[in-house]
Structure formats: C-alpha cells, structure tokens
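Taking it in order: structure first as structure tokens, then the write-up.
Here, each number is a calculation from the coordinates, and none is a lab measurement. Bear in mind that the values here come from a model prediction, so they are computed numbers and not experimental data. Cβ: placed from backbone, ideal geometry, glycine included. Neighbour counts: every protein chain shown.
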Amino acid sequence: MIRPTRAGVTLAAVLLAGTGLLVQAGLRDTLSYYRTPAELDADPAAPATRTRLTGMVVPGSVRHDGRQTVFRLAAEGHEVTVRQRGAPPDTFRAGQDAVVEGVLGPDGVFDSDQVVVRHGNDYRPAYDGSPGTAR
Amino acid sequence: MPFNSQTTLHSCIIGRVAFPRPRSTGTATRRSRPDTARTPDADARHGHPGTSSNRHAAADRRTLGWLTAGLTTAAATAGLLIAPPDALQGDAQRLMYLHVPAAWTAYLAFAAVLATSLGFLATRDPRWDRRARVAAELGVGLTALTIALGALWGRAVWGTWWAWDPRLVSTTLLLLVYTGYLAVRRTLGEGRTTPPARPVGGPAAIVGIAGFALVPLVHFSVVWWRSLHQPATILAPHRPPIDPLMAAALLLSVAAFTTAAAWIFLRRLAALERDTPPTAPLRSMARASVESR
C-alpha cells in the first residue's frame, strides 16, 4: 500500500527546498570564493561589483584611522589598497592572508565591510619573537 | 522448551526460509533483561538457543566502552594540557582536536552506510538495513557536530561563524542529504507502523549509496576550489609542519572518536534489535521472511 503521510511529504518538500536554496544561493559565489589582486586589476568591470579579494596583508601597511583600518593586500606581484570599515578580527596580522568583501572604488581603493583571516594548515607552538606577533 | 501451536506454525514458516530455530516463548521473557541483547537474527545465525553469543556481544561492547573512556581521557589530557597553543590561533586551535575527528568519524559513518547498503541490496538481509540506518544516524549527528564546532573555530580564527565557502556549503549539503535519507526511512513508515507501510531497505539503500558521492566532494573541495577553509594536514600528500605534540593529540582524539562511534553504533544496533519483536504477529513474520530472501 503506497501512502506517504502528509507530514512525510511536507518534510521531504522542506528538505528539498532547503537543498535547492542552499545550492542556488551558495554555488553562485562559492566555487570561486575569492579573487586575487591580479584578477581584479585585469577586470575592467571590477569596480562597482561586490566581490571578495584575497592576498597577504603587506607588513607595515596596516594603519588604524579612526573607525577605519587601511592596509594593502598583495598576491602574485599585484597589490590593492583596502579600506576596511570596523575593526578586523583579533587574529588579523601583517604577513598573514586575509579575505575582504566589498567593492573596488573608482579611486582604486577596495572598500570592504568584512574581513576574515585565512590561515594555513601548519600548526606550531608560539615562541618568543615568532613572526605572527609582528604587526 | 514450551511449545504451543504458535511456535509450531512459526517453525513451519521460518524453517522454510533458513531460520532453523523455532522461537520459544522463553525468548520473550528473557529479552526483558536490559544487558543482554536479544537478537532473534543472531540466534538464528548461530543455530542454537544459547545466549552465549549475546553475552559475548554485550561483553565486547562493554570492553569497547572502557577503551573509549580510556582513549577519551588520554586525548583530553593531550589536547588540553600537553599540546602547546598554536602560535597564530592561540588556544582556539585546540578545537581542531574535536572538529577534525568529528569530521573524520562522520566520513567513516557514511562509508559504513555505503558498505551496509550495498550489503543489503546484495542479500536483502534486514540486519544490513539496520546497520545502514544506525550508521546514517551517527553520521548525521557527527556532521552536525562538525559544523557546530567549525562555526566556533571559524568565529575565533577567521572572524566569522559562516562563510559561503565550498567546504562549508558541501558539508551542509552532506548533512541535508543524509537527513533526507533518514526522512525517507521515516516517510516509508519505519518506526511508526510494524511492519513499515512499505519496504524501507531498498529505497533507503539507493539514497544511502548515492549520497556517498558527496563525501569525496566535501573532502577535496578545499583542493578543487578556492576556499577559506584550510586544507588537510595529516592526510595531505606533502605533510606541512605540525608540532609533534599537536599531531599526537590529534591522532589520539581521532582514535577516541573512532572507538566512541563504534561503541555507540553497537549499542544503538543492539537496542534496535532488542526492539524488533522476537515473536511478531504471524502475518508480519511471514512477510518479513519473504522480504529477507
């Protein structure tokens, strides 16, 4: 006797809809989660589109300017200056990778409202004078 | 052995389909003892009425439980007290000793769903189907745990609870697919009517096998696509540096999670088999026997 219950069908529909929404919303930006400074430089349509940008936070470039943090992200020989609204996370360090989300302005400065820190898959104990503590 | 007309009928039907032992009413009384897993299937397999195989199974589970307790204590000591904090991430890195083994054990559970579902399709033996169900329940719980621990770790180190990153999205899909697997079982009537309204094992096995395709996708998402999530360390082809004490704590906690998962798997399986009525109504027994062929 084939008779799925109403609750079962509803549950299946909700799960399918959830999966569909996740796939639709997620995969749009997910499969290329970020772009590099070189790709941003090469793309004439880059200004005015919201995007994510990654690179190493250039040592010595981090400047706190009121409620803003300004720094440069570098990768593959290209650099982009980032103006970040709000404080970056505690783990944000010069010399580490970061991903910023925002829009490249007409002045060539990337206006970001979110910054997340990338970290590698190597793990080591803290020693005095470790490069991670340098700002 | 008390022998009545019902058991005689049983032995007629069951004997034909290779369940050599007639079920006695004594089985039903003994099964109320909580520490002995009464499994009609196991009895049938061994072909004798003795409970020694069940006592052995219960003793094995207890041994595994103590092994889990020991490994968990060792892993907690290593992860919390012995391993040093990470240079960049500080103490938040210790979440690795929970997040990584939870993900690994979830993979293992879904691999078990794959193997047991194939076993069920090959044999149509309901024992394989039960194992697939228990493995999927375990896998769903562990995937949810992985995502929750990952969110904590991500908040502490990346600065965000969630990111639309290939690893995070594919892991969430994995959770949804195996939640769907459990929903399919329930929709077909499992646990609501005895016997289920429709055969559960076949359709469930197909979902369980197809869903496993997501596991390599999740694991290699950090290699195939650009990701915020860091790639594997221990399973990396060229292993990046990891402090030996950290690696030891990680391997210990992987061992602890694996044995804990095996222990919970066996306990849950025994509980399910206890709940399978040993003297079910005649009609359903016959139907179950036909299905199991």
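Return the sequence-ordered ³J(HN,Hα) values of the range B:51-64 in whole Hz as given by the Karplus equation 6.51 cos²θ - 1.76 cosθ + 1.60 applied to θ = phi - 60°, using x for Gly and Pro.
Along the range B:51-64, the couplings run 9, 5, 5, 5, 4, 4, 4, 5, 5, 4, 5, 4, 4, 4 Hz.
When a/c reaches 1.5 or more, the comparison of a/b and b/c decides; with that in mind, is the range B:53-132 rounded, prolate or oblate per its Cα gyration tensor?
Note, shape of the range B:53-132 comes out oblate.
If you count, for every residue in A:83-90, the Cβ atoms of partner chains within 10 Å of its Cβ, what is the mean?
2
Take the alpha carbon atoms of the range B:55-119, find their center, do the same for the range A:81-130, and report the distance between the two centers in whole angstrom.
33 Å
Which order results if B:Arg55, B:Arg130 are arranged by neighbouring Cβ count within 10 Å, fewest first?
On the way: B:Arg55 13, B:Arg130 20.
Listed from fewest to most nearby Cβ atoms, that is B:Arg55, B:Arg130.
Which Cα, out of A:Phe71, A:Pro89, A:Gly8, lies furthest along the positive dipole direction of chain A (beta carbon charges, K/R +1, D/E -1)?
Of the options given, the answer is A:Gly8.
Looking only at the range A:1-120, where both bridge partners belong to it, what percent of the DSSP beta bridges are antiparallel (to the nearest 5)?
85 percent
Measuring from centroid to centroid over Cα atoms, what is the spacing of the range B:239-280 and the range B:124-171 in Å?
Here the two parts' Cα centres lie 15 Å apart.
Between A:Thr81 and A:Thr19, what is 0.36 nm times their sequence separation minus the Cα-Cα distance? Round to one decimal in nm.
Separation in residues times 0.36 nm, less the Cα-Cα distance, equals 18.6 nm.
Suppose a student asked you for the relative contact order of the range B:32-277, using Cα pairs under 8 Å spaced at least 6 residues apart; what percent would you report?
32 percent
Which of rounded, prolate, oblate describes chain A, given a ≥ b ≥ c as roots of the alpha-carbon gyration tensor eigenvalues and a/c under 1.5 marking rounded, otherwise prolate only if a/b is larger than b/c?
prolate
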